[in-house]
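Peer 1: Take this structure first; my questions come after.
Computed from the coordinates by the stated procedures, all read-outs in this text should not be read as laboratory data. None of the values given here were measured: they were computed from a predicted structure. When we count neighbours, we look across all protein chains shown, and the Cβ atoms used for this are built from the backbone with ideal geometry, even at glycine.
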Amino acid sequence: MAEELLRVERLCKSFPVKGVRGPGVQAVRDVSFTVCRGETLGLVGESGCGKTTLGRTILRLHEPTSGRIVYGGTTLFAREVGEEGRPKGKAQAVDMLPYRRRMQIIFQDPSASLDPRMTVGEIIGEAIDIHHLASGRESRAARIRELLELVGLRKEDAERYPHAFSGGQQQRVGIARALAVEPEFLVCDEPISALDVSIQAQVVNLLEDMQRELGLTYLFIAHDLSVVRHISRRIGVMYLGSLVELAGSGELIQKPLHPYTQVLLSAVPAPDPRASRSRRRIVLQGEIPSPLRPPSGCPFHPRCPRAVPACERTVPPLREVEPGHFAACLQAGSAP
């Protein structure tokens, strides 16, 4: 049995909206899952579903509204939920600075996350300085050179500025910066979405190599199911801030239980034209509901082709329908 590294329980994150009563924008709603040491958990869903907010909330770059985050056996944040889903009592939260070494993030847009006024060496060295990881200037410089070579860049690149690099090279700098503090856990926030297809494969291969060499654990956020399937052991699917399905990557691709997952998979291009012609494409009706005013009951029911009257009233829990396969759907497990 693999060791549990991260546990998220009923995590919620809302953003208040000026002039609007109530909880505001409910970006993350009652999300629970675990991540084992050394594994990659993929997280997919369309734009605006709350993937990035969830990743940042786990790292407490956004403070959670309620729920619990446990990392390595230590509770990083805990706050109960009272009536009507509102947070109850005072939050219990630890100082995150010691955990910044163990938990890092690779941002989606490398050109926006790298300070253009700093050299690459200064960008990577900043984290080393904050956590006092070098005994002197020579040790610091040697560590920067080692990290650059680890991600496939030259040691001479330490003197260059971010604008002198291509998008793929900038993302490698972002990876080197995240690795500078020797973390155990990385939130990879759509690290390849801003890159050309040919460069995407290089970055994914680099992340896999780093995981094997350094024993890293990933939460890999993306909207491309084919990429997530390649790199992940398990996949979670989000819709409107909620986790609607969670299973092993092969199981989820071959036998999706939630109607929304089935819709996502039907839109993935097939390399074989004959298979593509024979596959049924599921087209959703209507627009994505607003997270400011989410629908009652199941968040997917206004667009779900299998919705029944009970879906409008009941919020389906994420339940284990088959061994290791969880789905938040009243109809999961029944014949379509």
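Peer 1: Given 0.36 nm per residue, what is the gain on full extension from residue 61 to residue 81 after removing their alpha carbon distance, in nm?
Peer 2: Full extension of this stretch gives 5.1 nm more.
Peer 1: Follow-up question, since we're still on this one. Quick one: check the C-alpha center-to-center distance for the stretch 40-89 versus the stretch 207-221, whole angstrom.
Peer 2: 22
Peer 1: Order 172-178, 17-23 from most to least packed using the mean count of other Cβ atoms within 10 Å. It would help to have the intermediate numbers written out before the result.
Peer 2: Details: 172-178: 24.6, 17-23: 10.1.
Taking the mean over residues of other Cβ atoms within 10 Å, the ranking is 172-178, 17-23.
Peer 1: Can you give the translational diffusion coefficient of the stretch 81-190 in µm²/s, computed by Stokes-Einstein from the Kirkwood radius over Cα pairs at 37 °C and 0.692 mPa s? Don't skip to the end; give the middle numbers.
Peer 2: Values: Rh = 15.3 Å.
It diffuses with D of about 215 µm²/s by this estimate.
Peer 1: Follow-up. If I compute Kirkwood radius over Cα pairs in Å from the structure I just sent, which labelled value in (1) 20.0; (2) 21.3; (3) 23.7 lines up?
Peer 2: (2)
Peer 1: If you don't mind, there's one more thing I want to ask. Calculated FRET efficiency, residue 15 and residue 92, Cβ-Cβ r, R0 30 Å, to nearest 0.05?
Peer 2: Efficiency, rounded to the nearest 0.05: 0.90.
Peer 1: Could you work out the helix-only [θ] at 222 nm for the chain, with each DSSP H run of four or more residues adding -39,500 (n - 2.57) and the total divided by the number of residues, to the nearest 500 deg cm²/dmol?
Peer 2: Value at 222 nm, helices only, nearest 500: -8500 deg cm²/dmol.
Peer 1: Can I ask one more? Taking the beta-carbon count within 10 Å as an exposure proxy, list 238, 96 from fewest neighbours to most.
Peer 2: Working: 238 24, 96 13.
Ordered from fewest to most neighbouring Cβ atoms within 10 Å, 238, 96 come out as 96, 238.
Peer 1: Further, regarding this structure: What is the spin-label model distance, in nm, from residue 319 to residue 139 if the labels are put 7 Å beyond Cα along the C-beta direction?
Peer 2: 5.6
Peer 1: Here's a follow-up. Considering only DSSP beta bridges where both residues belong to the chain, give the percentage that are antiparallel (nearest 5).
Peer 2: Close to 65 percent.
Peer 1: Next question, about the same structure. Once you have the Cα-Cα distance between residue 198 and residue 285, take 0.36 nm times their residue separation minus that, and quote the gain in nm to one decimal. If you can, show how the numbers build up before the last one.
Peer 2: Working: separation 87, 0.36 × 87 = 31.32 nm, distance 3.39 nm.
Stretched out fully, the residue 198 to residue 285 stretch lengthens by 27.9 nm.
Peer 1: List the relative contact order of the chain as a percent without decimals, with contacts defined as Cα pairs under 8 Å and 6+ residues apart.
Peer 2: 18
Peer 1: Straight-line reach from residue 90: which lysines have a Cα under 29 Å away, not including same-chain ones fewer than 8 places off?
Peer 2: Result set, ordered by chain and number: 13, 18, 51.
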